[in-house]
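Everything below concerns the one structure shown next.
What follows draws every value from the coordinates through simple rules; no lab data is involved. It should be emphasised that the depicted structure is a prediction, and the values quoted were computed from it without experimental measurement. A quick note on method: Cβ atoms are made from the backbone with ideal geometry, for glycine too, and the neighbour counts reach across all protein chains shown.
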Amino acid sequence: MKNIKNKILKILAGLIAIILIGGILFITNAFVGNPISARIADETIKQYIKDNYSYLDLELEKPIYNFKDGSYVMNVRSKSSIDTKFGIHYRNGSISYDSYEMRVLGMFNTLDRLSDEYSAVAKKNY
């Protein structure tokens, strides 16, 4: 009888340990993503850049997981142009958003840079 209780306790302890480990992995995956998805996002975004922006001399950052919408974001910037920087979003197996048109062609990066420079001059003279 004592042997059966010990076996049941060992099985129960093992099941609880597996459930706790699984829960920790699930929560971690929800907040930081997983390495397999990050690698797939990295390769997909690099191919997208090669297909669409090969004429730009870009530096690529590591994809960052955005837990709010479950996407990976890779920030890219030009080595030669201060105002050419934008993000590419990967979600559910494809590129979901590319901010090149808004940030670069829409001149938001230039506006931000000039605003920061003007603020620095205004603070210096104030």
### Query
Between Lys46 and Arg113, what is the label-to-label distance in nm when each label sits 7 Å out along the Cα-to-Cβ direction?
2.7
### Task
Give the residue from Tyr97, Phe108, Gly70 lying farthest towards the positive end of the charge dipole for the chain; charges sit on Cβ (+1 for Lys and Arg, -1 for Asp and Glu) and the dipole is referred to the Cα centre.
Gly70
### Query
Counting other Cβ atoms within 10 Å of each Cβ, which GluC sites (Glu not before Pro) in region 31-64 have at most 15 and sit in a DSSP loop?
Glu61
### Task
Would you calculate the volume per residue, in Å³, of the smallest convex hull containing every Cα atom of the chain?
166
## Note on the structure
For 68-74, 78-84, 21-27, ranked highest to lowest by mean beta-carbon neighbours within 10 Å, the order is 68-74, 78-84, 21-27
### Task
Translational diffusion coefficient, Stokes-Einstein: compute it for region 45-89 using the Kirkwood radius over C-alpha pairs as Rh, at 25 °C and 0.890 mPa s, and state it as an integer in µm² s⁻¹.
222
### Task
With only Lys, Arg, Asp and Glu charged, each at its Cβ (+1 for the first two, -1 for the last two), find how big the charge dipole of the chain is about the Cα centre; round to the nearest 20 debye.
1040
### Query
Using 1/(1 + (r/R0)^6) with R0 = 41 angstrom and r between the beta carbons of Lys124 and Leu20, what's the FRET efficiency to the nearest 0.05?
0.15
### Query
Total Lys pairs in the chain closer than 28 Å by alpha-carbon, pairs eight or more apart in sequence or interchain only?
14
### Summary
Residue-normalised 222 nm signal for the chain, counting each DSSP H run of n ≥ 4 as -39,500 (n - 2.57), nearest 500 deg cm²/dmol, is -18500 deg cm²/dmol
### Task
Report, by chain and number, residues whose modeled amide H sits under 5 Å from the one on Tyr97, excluding near sequence neighbours (fewer than 5 apart, same chain).
His89
### Query
Applying the Karplus parametrisation 6.51 cos²θ - 1.76 cosθ + 1.60 with θ = phi - 60° to the phi angles of region 84-92, what ³J(HN,Hα) value in whole Hz is obtained for each residue in order, glycine and proline being reported as x?
9, 8, 7, x, 10, 9, 10, 8, 6
### Query
So if R0 is 35 Å, what FRET efficiency would Asn66 and Ile8 give, r being the distance between their Cβ atoms, rounded to the nearest 0.05?
0.20
### Summary
Expected unfolding gain across Ser81-Ser54 under the 0.36 nm per residue rule, minus the alpha-carbon gap, is 8.2 nm
